[in-house]
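The values are calculated or read from the model by the stated rules, or taken from the named source; none is laboratory data. Since this is a predicted model, take the numbers as computed values, not measurements. Reconstructed Cβ throughout: ideal geometry from the backbone, glycine too, with neighbour counts over all protein chains shown.
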Amino acid sequence: MLDDQIFKTVVDSTPLISIDILIKKGNKILLGKRINKPAQGYFFSIGGRINKNETIDNAMARVALNELNIDLKSTPEFMGVFEHFYDDSLYENVSTHYVNIAYEYEMEETPDLPAEQHSEYKWFTIDELLESKQVHKYTKDYFRK
């Protein structure tokens, strides 16, 4: 784990690599309303950074457990690579750039969702999330043709 000042320098100087896991149940997608910057206050897909020396598969398992309280039973389906640019971050006057690898994961049951990263969760159809002003544009990008 990097100390705070070093991590601030990293965020200010380089892109971060992250994964998003879009949880699907039937025709709905689970989104969480973000507590933290960037994208604070928006409904967003569930995800997190990949740590140095951590494989993508291990990062997916860690993110699924920490952010969704689930153990992945199968490999999520690759959706694509996306870029996210934010004017803010957890640091004042520091922007954030993510290179994001998106995956989709089908679930049958809703897990007991943690509240550390999201103030609430909501299931959206793709049409609902594309039309909602509460859903962040980068989440919408996953579903735009």
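Couple of notes before you dig in:
- When LYS73, LYS37, LYS33 are checked against the criterion of being basic (Lys, Arg) and modelled with pLDDT of 95 or more, LYS33 stands alone in meeting it.
- Test: residue in the stretch 38-58 that is part of a loop (DSSP other than H, G, I, E, B), among the β-branched types (Val, Ile, Thr), touching a helix residue (DSSP H, G or I) at 6+ places or on another chain (Cβ under 8 Å) and more than 25 Å from ASP127 (Cα to Cα): yes
- Meets criteria (touching a Leu at 6+ places or on another chain (Cβ under 9 Å), over 18 Å from ASP141 (Cβ atoms), in contact (Cβ under 8 Å) with a residue 60 or more places away in the chain and not in a loop (DSSP other than H, G, I, E, B)) for VAL99: no
- In the stretch 1-54, the qualifying residues are those that are among the small types (Gly, Ala, Ser) and in contact (Cβ under 8 Å) with a residue 12 or more places away in the chain, and the one that is farthest from MET107 (Cα to Cα) is ALA39.
- Tally, over the stretch 86-125, of residues that are surrounded by 14 or more Cβ atoms within 10 Å (Cβ to Cβ), farther than 25 Å from ILE56 by Cβ and either out of contact with any Asp or Glu (no Cβ under 8 Å at 6 or more places or on another chain) or not aromatic (Phe, Trp, Tyr) (or both): 5
- Figure legend. Inter-residue proximity from the stretch 55-82: first residues within 15 Å of SER45 (Cβ to Cβ), second residues exposed (fewer than 13 other Cβ atoms within 10 Å of the Cβ) and of a type in the set (S, T, N, Q), beta-carbon distance below 6 Å, spacing 6+ or different chains. No pairs are indicated.
- Which numbered condition LEU130 misses (of (1) farther than 16 Å from GLY48 by Cβ; (2) part of a loop (DSSP other than H, G, I, E, B); (3) not small (Gly, Ala, Ser)): (2)
- Residues of the stretch 63-85 that turn out to be under 14 Å from the mean Cα position of the chain (by Cα), farther than 12 Å from ASP20 by Cα and surrounded by 15 or more Cβ atoms within 10 Å (Cβ to Cβ), as a count: 0
- Within the stretch 13-39, being exposed (fewer than 14 other Cβ atoms within 10 Å of the Cβ) and within 19 Å of ASP87 (Cα to Cα) holds for SER13, THR14, ILE35, ASN36.
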